[in-house]
Amino acid sequence: MQVLPKGVRHIPGFLDRTRQEQLVEAIRLVVAEAPLFVPEMPKTGKPMSVRMTNCGSLGWVTDRDRGYRYQAQHPVTGHPWPAMPDVLLEIWNAVSASNKTPEACLVNFYSEEARMGLHQDRDERDLETAVVSISLGDSCLFRVGGNTRGGQTMSFRLESGDVVVLGGEGRLAFHGVDRIYPNTSTLLKHGGRVNLTLRRVNP
DNA sequence: AAGTTTCC
DNA sequence: TCTC
(Lines give C-alpha, C1' and ligand atoms only; values in the text may rest on other atoms or scores of the structure.)
Protein backbone atom coordinates (compact mmCIF):
# COMPACT_ATOMS: atom_id res chain seq x y z
CA MET A 1 0.00 0.00 0.00
CA GLN A 2 1.52 3.28 -1.15
CA VAL A 3 1.33 6.08 1.39
CA LEU A 4 2.51 9.60 0.68
CA PRO A 5 5.17 11.00 2.99
CA LYS A 6 3.80 13.10 5.83
CA GLY A 7 3.07 16.64 4.81
CA VAL A 8 2.86 15.79 1.10
CA ARG A 9 -0.67 16.27 -0.24
CA HIS A 10 -1.71 15.20 -3.74
CA ILE A 11 -5.01 16.65 -4.91
CA PRO A 12 -5.95 14.87 -8.16
CA GLY A 13 -8.21 16.83 -10.49
CA PHE A 14 -8.21 19.96 -8.36
CA LEU A 15 -8.51 22.16 -11.45
CA ASP A 16 -11.26 21.54 -13.98
CA ARG A 17 -10.63 21.90 -17.70
CA THR A 18 -11.86 25.50 -17.81
CA ARG A 19 -9.51 26.47 -14.98
CA GLN A 20 -6.62 24.71 -16.68
CA GLU A 21 -7.30 26.59 -19.91
CA GLN A 22 -7.45 29.83 -17.96
CA LEU A 23 -4.03 29.04 -16.49
CA VAL A 24 -2.54 28.19 -19.87
CA GLU A 25 -3.67 31.53 -21.24
CA ALA A 26 -2.20 33.34 -18.23
CA ILE A 27 1.11 31.52 -18.63
CA ARG A 28 1.15 32.19 -22.36
CA LEU A 29 1.09 35.91 -21.54
CA VAL A 30 3.83 35.48 -18.92
CA VAL A 31 6.09 33.67 -21.39
CA ALA A 32 5.45 36.31 -24.06
CA GLU A 33 6.77 38.95 -21.67
CA ALA A 34 9.41 36.87 -19.88
CA PRO A 35 10.77 34.33 -22.39
CA LEU A 36 11.70 30.81 -21.38
CA PHE A 37 15.41 30.39 -20.68
CA VAL A 38 17.65 27.38 -20.11
CA PRO A 39 18.87 27.18 -16.51
CA GLU A 40 22.50 26.19 -15.85
CA MET A 41 23.92 24.05 -13.08
CA PRO A 42 26.14 25.93 -10.64
CA LYS A 43 29.88 25.62 -11.21
CA THR A 44 29.64 23.42 -14.29
CA GLY A 45 27.23 25.43 -16.40
CA LYS A 46 25.61 22.19 -17.50
CA PRO A 47 22.16 23.01 -18.90
CA MET A 48 19.14 21.55 -17.17
CA SER A 49 16.64 19.74 -19.40
CA VAL A 50 13.70 21.97 -18.52
CA ARG A 51 13.16 25.49 -19.78
CA MET A 52 11.89 28.02 -17.29
CA THR A 53 10.59 31.46 -16.52
CA ASN A 54 8.82 33.09 -13.56
CA CYS A 55 6.14 35.52 -12.57
CA GLY A 56 5.64 37.39 -9.31
CA SER A 57 7.92 39.80 -7.49
CA LEU A 58 10.77 37.26 -7.38
CA GLY A 59 11.91 34.48 -9.67
CA TRP A 60 14.10 31.43 -9.14
CA VAL A 61 17.10 31.38 -11.47
CA THR A 62 20.41 29.56 -11.69
CA ASP A 63 23.59 29.89 -13.73
CA ARG A 64 27.18 28.69 -13.63
CA ASP A 65 28.66 31.75 -11.95
CA ARG A 66 26.08 32.66 -9.34
CA GLY A 67 24.17 29.43 -8.67
CA TYR A 68 20.66 29.05 -7.32
CA ARG A 69 18.98 32.21 -6.18
CA TYR A 70 15.89 34.38 -6.27
CA GLN A 71 16.06 37.69 -8.06
CA ALA A 72 13.61 40.35 -9.18
CA GLN A 73 14.77 40.49 -12.82
CA HIS A 74 14.67 38.11 -15.76
CA PRO A 75 18.26 36.93 -16.32
CA VAL A 76 18.17 37.54 -20.09
CA THR A 77 15.99 40.63 -20.53
CA GLY A 78 16.88 42.28 -17.22
CA HIS A 79 13.24 43.25 -16.84
CA PRO A 80 11.09 42.70 -13.75
CA TRP A 81 9.06 39.48 -13.82
CA PRO A 82 5.42 39.74 -14.95
CA ALA A 83 2.86 40.08 -12.19
CA MET A 84 1.39 36.99 -10.57
CA PRO A 85 -1.94 36.28 -12.29
CA ASP A 86 -4.99 36.40 -10.01
CA VAL A 87 -5.93 32.83 -10.89
CA LEU A 88 -2.70 31.66 -9.23
CA LEU A 89 -3.37 33.67 -6.10
CA GLU A 90 -6.81 32.07 -5.88
CA ILE A 91 -5.34 28.58 -6.05
CA TRP A 92 -2.70 29.49 -3.47
CA ASN A 93 -5.36 30.83 -1.13
CA ALA A 94 -7.39 27.66 -1.52
CA VAL A 95 -4.65 25.13 -0.74
CA SER A 96 -1.61 26.71 0.92
CA ALA A 97 -3.08 27.28 4.39
CA SER A 98 -0.94 30.43 4.56
CA ASN A 99 -1.86 34.05 5.13
CA LYS A 100 1.27 35.20 3.35
CA THR A 101 1.18 35.87 -0.36
CA PRO A 102 3.34 33.88 -2.76
CA GLU A 103 6.23 35.92 -4.10
CA ALA A 104 7.42 33.58 -6.81
CA CYS A 105 5.80 31.38 -9.39
CA LEU A 106 8.41 29.26 -11.16
CA VAL A 107 7.20 28.07 -14.55
CA ASN A 108 8.98 24.90 -15.70
CA PHE A 109 8.37 23.57 -19.21
CA TYR A 110 9.10 19.87 -19.73
CA SER A 111 9.53 18.50 -23.25
CA GLU A 112 9.19 14.74 -23.77
CA GLU A 113 12.79 14.15 -22.75
CA ALA A 114 12.99 16.52 -19.80
CA ARG A 115 13.59 15.25 -16.27
CA MET A 116 14.10 16.77 -12.86
CA GLY A 117 16.43 15.05 -10.45
CA LEU A 118 15.49 14.56 -6.81
CA HIS A 119 15.97 17.80 -4.91
CA GLN A 120 14.65 19.93 -2.07
CA ASP A 121 13.19 23.41 -2.44
CA ARG A 122 15.38 25.17 0.07
CA ASP A 123 16.54 28.37 -1.56
CA GLU A 124 13.73 30.25 0.15
CA ARG A 125 14.40 32.12 3.36
CA ASP A 126 10.91 31.09 4.44
CA LEU A 127 11.00 27.33 4.90
CA GLU A 128 7.73 27.20 6.85
CA THR A 129 5.22 28.30 4.27
CA ALA A 130 4.03 25.49 2.00
CA VAL A 131 5.09 25.05 -1.61
CA VAL A 132 2.22 24.60 -4.07
CA SER A 133 2.77 22.78 -7.37
CA ILE A 134 0.32 22.77 -10.29
CA SER A 135 0.53 20.30 -13.19
CA LEU A 136 -0.67 21.20 -16.71
CA GLY A 137 -0.45 19.28 -19.97
CA ASP A 138 1.17 15.87 -20.34
CA SER A 139 1.26 13.55 -17.34
CA CYS A 140 4.48 12.77 -15.51
CA LEU A 141 5.88 10.25 -13.10
CA PHE A 142 6.58 12.20 -9.93
CA ARG A 143 8.90 10.91 -7.21
CA VAL A 144 8.84 12.03 -3.62
CA GLY A 145 10.68 10.95 -0.49
CA GLY A 146 11.54 12.24 2.92
CA ASN A 147 13.82 15.03 4.07
CA THR A 148 17.11 13.17 3.56
CA ARG A 149 18.64 12.27 0.23
CA GLY A 150 19.25 8.61 0.91
CA GLY A 151 15.80 7.75 2.25
CA GLN A 152 12.87 5.78 0.91
CA THR A 153 11.02 7.26 -2.05
CA MET A 154 7.81 6.48 -3.88
CA SER A 155 6.47 7.56 -7.23
CA PHE A 156 3.07 8.26 -8.67
CA ARG A 157 1.55 9.81 -11.74
CA LEU A 158 0.63 13.47 -11.87
CA GLU A 159 -1.98 14.55 -14.41
CA SER A 160 -3.10 17.88 -15.81
CA GLY A 161 -5.09 19.77 -13.19
CA ASP A 162 -3.53 17.99 -10.23
CA VAL A 163 -2.11 20.04 -7.36
CA VAL A 164 0.60 18.94 -4.92
CA VAL A 165 1.20 20.75 -1.65
CA LEU A 166 4.46 20.31 0.26
CA GLY A 167 3.69 21.68 3.70
CA GLY A 168 4.58 21.10 7.31
CA GLU A 169 6.81 18.03 7.58
CA GLY A 170 6.67 17.72 3.80
CA ARG A 171 8.03 21.19 3.09
CA LEU A 172 11.58 19.90 2.62
CA ALA A 173 10.68 16.57 1.04
CA PHE A 174 12.96 15.47 -1.76
CA HIS A 175 11.05 15.33 -5.02
CA GLY A 176 11.62 15.13 -8.75
CA VAL A 177 10.21 14.12 -12.11
CA ASP A 178 11.33 10.74 -13.45
CA ARG A 179 9.65 10.93 -16.83
CA ILE A 180 7.07 12.63 -18.97
CA TYR A 181 4.31 10.59 -20.66
CA PRO A 182 4.05 12.13 -24.15
CA ASN A 183 0.70 12.82 -25.76
CA THR A 184 -1.34 12.19 -22.64
CA SER A 185 -3.12 15.55 -22.62
CA THR A 186 -4.80 17.81 -25.16
CA LEU A 187 -4.38 20.94 -23.04
CA LEU A 188 -1.20 22.20 -24.69
CA LYS A 189 -1.37 22.35 -28.48
CA HIS A 190 2.31 21.50 -28.89
CA GLY A 191 2.47 18.92 -26.13
CA GLY A 192 4.78 18.80 -23.16
CA ARG A 193 4.18 19.51 -19.50
CA VAL A 194 4.12 22.77 -17.59
CA ASN A 195 4.64 22.83 -13.84
CA LEU A 196 3.85 25.95 -11.84
CA THR A 197 5.46 26.16 -8.41
CA LEU A 198 4.25 28.85 -6.04
CA ARG A 199 6.57 29.80 -3.21
CA ARG A 200 6.98 32.28 -0.40
CA VAL A 201 10.60 33.46 -0.35
CA ASN A 202 10.82 36.03 2.44
CA PRO A 203 9.57 35.28 5.96
C1' DA B 1 24.63 19.73 -6.85
C1' DA B 2 17.65 20.94 -9.10
C1' DG B 3 24.43 16.48 -10.71
C1' DT B 4 24.53 10.30 -11.20
C1' DT B 5 20.15 6.83 -10.10
C1' DT B 6 14.82 4.98 -9.10
C1' DC B 7 11.07 5.22 -14.95
C1' DC B 8 11.00 1.21 -19.07
C1' DT C 1 23.99 36.67 4.21
C1' DC C 2 26.02 35.14 0.17
C1' DT C 3 27.06 31.54 -2.85
C1' DC C 4 26.83 27.11 -5.00
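What do you reckon, is residue A:117 modelled with pLDDT under 95, surrounded by fewer than 18 Cβ atoms within 10 Å (Cβ to Cβ), in a loop (DSSP other than H, G, I, E, B) and small (Gly, Ala, Ser)?
no
Sort out which residues of segment A:31-41 are part of a loop (DSSP other than H, G, I, E, B), open to solvent by 50 Å² or more (accessible area, probe 1.4 Å) and away from DNA strand B (no atom under 16 Å from the Cβ), and write them in order of number.
A:35
Residue check: is residue A:98 away from DNA strand B (no atom under 14 Å from the Cβ), outside any strand (DSSP E or B) and either in contact with a Ser or Thr (Cβ under 6 Å, 6 or more places away or on another chain) or small (Gly, Ala, Ser) (or both)?
Criteria met by residue A:98.
Quick one: is residue A:128 away from DNA strand B (no atom under 11 Å from the Cβ), open to solvent by 10 Å² or more (accessible area, probe 1.4 Å) and among the acidic types (Asp, Glu)?
So residue A:128 passes the test.
Tally time: how many residues in segment A:148-159 are away from DNA strand C (no atom under 16 Å from the Cβ), surrounded by fewer than 16 Cβ atoms within 10 Å (Cβ to Cβ) and assigned to a loop (DSSP other than H, G, I, E, B)?
4
Going residue by residue through segment A:65-75, is there one that turns out to be open to solvent by 30 Å² or more (accessible area, probe 1.4 Å), within 16 Å of DNA strand C (Cβ to nearest atom) and in contact with a His (Cβ under 7 Å, 6 or more places away or on another chain)?
yes
Counting only residues that are more than 8 Å from DNA strand B (Cβ to nearest atom) and farther than 21 Å from residue A:80 by Cα, which one in segment A:42-61 is least open to solvent (accessible area, probe 1.4 Å)?
This residue is A:45.
Select, from A:111, A:135, the only residue that is open to solvent by 30 Å² or more (accessible area, probe 1.4 Å), away from DNA strand B (no atom under 11 Å from the Cβ), of a type in the set (Ser, Thr, Tyr) and in contact with a Gly (Cβ under 8 Å, 6 or more places away or on another chain).
A:111
So residue A:93 ticks every box in (1) within 18 Å of residue A:134 (Cα to Cα); (2) touching a Phe, Trp or Tyr at 6+ places or on another chain (Cβ under 6 Å); (3) not hydroxyl-bearing (Ser, Thr, Tyr) but one. Which box is left unticked?
Every listed condition holds for residue A:93 apart from (2).
Quick one: in segment A:4-30, of everything that is under 16 Å from residue A:87 (Cα atoms) and of a type in the set (Val, Ile, Thr), which residue is surrounded by the fewest Cβ atoms within 10 Å (Cβ to Cβ)?
A:18
Return the residue satisfying two criteria in turn: it lies in segment A:63-88 and is in contact with a Pro (Cβ under 8 Å, 6 or more places away or on another chain) and not in a loop (DSSP other than H, G, I, E, B), and of such residues it is farthest from residue A:197 (Cα to Cα).
Ranking the candidates gives A:73 first.
The values are calculated or read from the model by the stated rules, or taken from the named source; none is laboratory data. These numbers were taken from a predicted model, which means no experiment stands behind them. No Cβ is skipped: glycine too gets one built from the backbone with ideal geometry, and neighbour counts run over all protein chains shown. Just the protein is used for accessible areas: all its heavy atoms, side chains included, with ligands, DNA and RNA removed. Shrake-Rupley method; radii C 1.70, N 1.55, O 1.52, S 1.80 Å.
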